[in-house]
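One structure is given below, encoded as structure tokens.
Where a number appears in this text, it was derived from the coordinates with a stated rule and is not lab data. A quick note: this is a predicted structure, and the numbers were derived from the prediction, not measured. In this analysis, Cβ positions are derived from the backbone assuming ideal geometry, glycine residues included, and neighbour counts consider all displayed protein chains.
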Amino acid sequence: MTRVVARPRHDPRQLRRAARQFAGVLRADGCPTDRAFDRFLPETLQRVSPEFWSPLVVARRAAEWFQEAGVHSVVDVGSGAGKFCVAGALSGSCRFTGLEQRPFLIKSARGLARLFDVNDRVQFVLGSLGDVPAPAADAYYFFNPFGDYSVGLHPRAEQDRAAVLARYARDVAAAQQLLRDAPAGTCVLALNGFGGSLPPGYDLIRVDWTVRGGLRLWRKS
């Protein structure tokens, strides 16, 4: 089994070399661990990765399913640190756009894409559904995108509970409207979901219950 080098802390050349080695294992259908990938993230994001960012097995399975479904472009709604987009690009041939409303996560995600040299197929857009136009794509990916990312990252600011709930409801409604307006043939991939129900017309075509939370793929008929 090919050994994946841990992230060096100081030398940029060693860091790029480690990233190339990791990418080679992933492209060759190897099975590196999430911990090995997470070492390429800033330390504060490494600590919360098991809770907030998609596991590598999800990105690899997504790449397989997207190829089978003829998907060429994917939008990750609430892309966080960019793990799903970057790992998905390394595992397949799709183009990925990450939509994320937190600037510090956008900065980290763009750095991750540069490190793994997937800038030609991965981009990140600052904003949230309803505030910026949703990028058009063959498929949309959701993994609890409207949750609270402040936990574990920085001290939680005092927030009005009613305002937080109103924002959550608005985000879910925007996602549902996006999927209602999507053309026939659009796919939706969800791990755990996005907080709402899919509009009518989406047929479940693939499911993997071995993934924690359940990974499901729908296509709009």
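Overview of results
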| read-out | value |
| --- | --- |
| Top positive-direction residue, dipole computed over the chain with Cβ charges, set Q21, V207, F40 | Q21 |
| Residue of R16, R161, R180 that the Gaussian network model of the chain assigns the largest fluctuation, springs spanning Cα pairs under 10 Å | R161 |
| Charge dipole (the chain, unit charges on Cβ, about Cα centre) - positive-most of F96, G195, P183 | F96 |
| Lys, Arg +1 and Asp, Glu -1 on Cβ, resulting dipole of region 43-220 about Cα centre, debye, nearest 20 | 100 |
| Span from the region 114-148 Cα centroid across to the region 162-176 one, whole angstrom | 18 |
| Surrounding net charge for R206, when Lys and Arg each add one and Asp and Glu each subtract one, Cβ distance under 11 Å | -1 |
| Spherically averaged projected area in nm², based on the convex hull that wraps the Cα atoms of the chain | 12.1 |
| Estimated 222 nm signal from helices in the chain, with DSSP H stretches of n ≥ 4 weighted -39500 (n - 2.57), rounded to 500 | -12500 deg cm²/dmol |
